[in-house]
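Everything on this sheet refers to the single structure shown next.
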Amino acid sequence: MDNIKIVYMGTPSFSVTPLDLLVKNNYNVLAVVTQPDKQVGRKKEIKFSEVKEYALKNGITVLQPEKIRTDYEKIISLNPDIIITCAYGQIIPKELLSFPKYKCVNIHASLLPKLRGGAPIHKAIIDGYDKTGVTIMYMDEKMDSGDIIYQEEIKIEDTDNVGTLFDKLSKLGANMIIKILPDIINGNINPVKQNEDDVTYAYNITREEEKIDFNKTSKEVFNKIRGLNPWPVSYAILDDKKVKIYESKIGTNNKEAQNGEIINIYKDSIGIKTKDGEILIYELQFEGKKKVLVKDYLNGLQDKNSIIGKIFK
């Protein structure tokens with residue numbers, strides 16, 4: 001298989017694990033295609049994608065078209081036998097999809113047709129799924145709608161957040177592409193069309209979606225918090241200031257109070273009223289401050305009970 005010419009397209013750290021396993025299994029990765037460099041922070045420092053950083057360290061050619069819909073000739077000139085994509089971030093044009101001998105294959109972090117789109121890991125947790133997985137699929141012109149080649153599923157634990165699930169699915173996807181790639185090359189697969197009646201979507205998270213709504217149930221709030229931890233992180237407003245919330249658990253108290261109201265002070269958490277009970281907050285970050293454990297925040301207050309009755313909005 002080391003004579004099979006691969007162009008690999010990906011951008012975030014999720015994409016690095018499958019790429020690394022391809023390299024370690026002696027596949028011939030001609031080049032990586034990744035998103036253009038970004039300017040970050042006040043100093044507008046240039047930041048490379050994680051895939052670019054990996055490629056540079058391993059002597060792999062890097063291509064970064066601004067718009068791959070029109071700028072794909074360099075990829076075609078490499079004459080790849082197969083293109084493998086994983087969280088690349090742009091729609092692949094039909095000219096590329098139809099070019100390689102063994103087509104274009106995508107590693108997608110959901111059990112398609114569920115959770116098509118750019119945030120399947122976040123949404124699997126936020127929407128309360130009890131399982132998810134990875135799909136290896138042929139690509140077509142529509143988003144994540146191609147024929148399914150191979151799937152594996154894993155359970156979503158209550159202890160999972162988007163970070164832990166991200167790591168699990170990245171490793172799963174890497175092992176799956178190594179397992180199935182010989183069969184793709186040898187034609188030993190039976191692709192299955194997706195059932196359009198079962199389609200759900202997982203579009204990229206918006207700023208508005210990051211805000212916690214305490215009018216929801218405790219389970220829904222719990223899923224929102226862990227589904228956005230450690231990025232982009234959920235938040236609520238307290239005393240007209242933004243408070244990011246990282247860690248939580250479902251409480252048992254069900255006092256009569258306004259949703260969002262702080263109803264209990266515990267040794268290491270605060271209890272906030274939800275639609276059907278209470279959510280316990282263990283780690284947060286006040287606007288302009290560092291992230292802290294709630295127990296440390298409480299220890300810094302002269303009167304811990306002074307925050308009882310305050311409302312998170």
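If only one of Ile281, Ile263, Ile245 is at pLDDT 95 or above, part of a strand (DSSP E or B), touching a Leu at 6+ places or on another chain (Cβ under 6 Å) and among the β-branched types (Val, Ile, Thr), which one is it?
Of Ile281, Ile263, Ile245, the one residue that is at pLDDT 95 or above, part of a strand (DSSP E or B), touching a Leu at 6+ places or on another chain (Cβ under 6 Å) and among the β-branched types (Val, Ile, Thr) is Ile245.
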In the stretch 118-157, the residues that are part of a loop (DSSP other than H, G, I, E, B), surrounded by 20 or more Cβ atoms within 10 Å (Cβ to Cβ) and touching a strand residue (DSSP E or B) at 6+ places or on another chain (Cβ under 7 Å): Met139, Asp144, Gly146, Ile156
The stretch 59-102, residues that are among the charged types (D, E, K, R), over 20 Å from Thr11 (Cα atoms) and not in a helix (DSSP H, G or I): Asp81, Lys101
Residues located in the stretch 5-61, provided they are modelled with pLDDT of 95 or more, more than 23 Å from Thr164 (Cβ to Cβ) and β-branched (Val, Ile, Thr): Ile6, Val7, Val23, Val29, Val32, Val33, Thr34, Ile60, Thr61
Spans of strands (runs of 3 or more DSSP E) in the stretch 1-50 with at least 2 residues among the aliphatic types (A, V, I, L, M): 5-10, 28-33
Selection status of Glu261, surrounded by 14 or more Cβ atoms within 10 Å (Cβ to Cβ), among the acidic types (Asp, Glu), touching a helix residue (DSSP H, G or I) at 6+ places or on another chain (Cβ under 8 Å) and at negative phi: no
The stretch 231-244, residues that are in contact with a Phe, Trp or Tyr (Cβ under 7 Å, 6 or more places away or on another chain) and not aliphatic (A, V, I, L, M): Lys241, Lys242, Lys244
Single match in Lys313, Lys273 (criterion: touching a Gly at 6+ places or on another chain (Cβ under 8 Å) and not assigned by TED's automatic domain parsing to the domain that holds Asn253): Lys313
Top-ranked residue of the stretch 188-230 - restricted to ones that are more than 30 Å from Gly271 (Cα to Cα), in a loop (DSSP other than H, G, I, E, B) and without any contact (Cβ under 8 Å) to a residue 12 or more places away in the chain, ranked as farthest from the chain's Cα centre (by Cα): Asn188
Pairs, first in contact (Cβ under 8 Å) with a residue 24 or more places away in the chain in the stretch 142-163, second assigned to a loop (DSSP other than H, G, I, E, B) and among the acidic types (Asp, Glu), C-beta under 6 Å, six or more apart: Gly146/Asp140; Ile156/Asp130
Pick from the stretch 245-258, criterion surrounded by fewer than 22 Cβ atoms within 10 Å (Cβ to Cβ) and touching a Phe, Trp or Tyr at 6+ places or on another chain (Cβ under 6 Å), ranking: farthest from Gly128 (Cα to Cα): Glu247
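Based on this model, can you work out whether Gln64 counts as at pLDDT below 95, out of contact with any Leu (no Cβ under 7 Å at 6 or more places or on another chain), farther than 26 Å from Ile189 by Cα and not small (Gly, Ala, Ser)?
So Gln64 fails the test.
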Residues (acidic (Asp, Glu) and outside any helix (DSSP H, G or I)) located in the stretch 163-187: none
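The values are calculated or read from the model by the stated rules, or taken from the named source; none is laboratory data. This structure is a prediction, so every number in the text was calculated from the model and none was measured. Ideal geometry is used to build each Cβ from the backbone, glycine not excepted, and the neighbour counts take in all protein chains shown.
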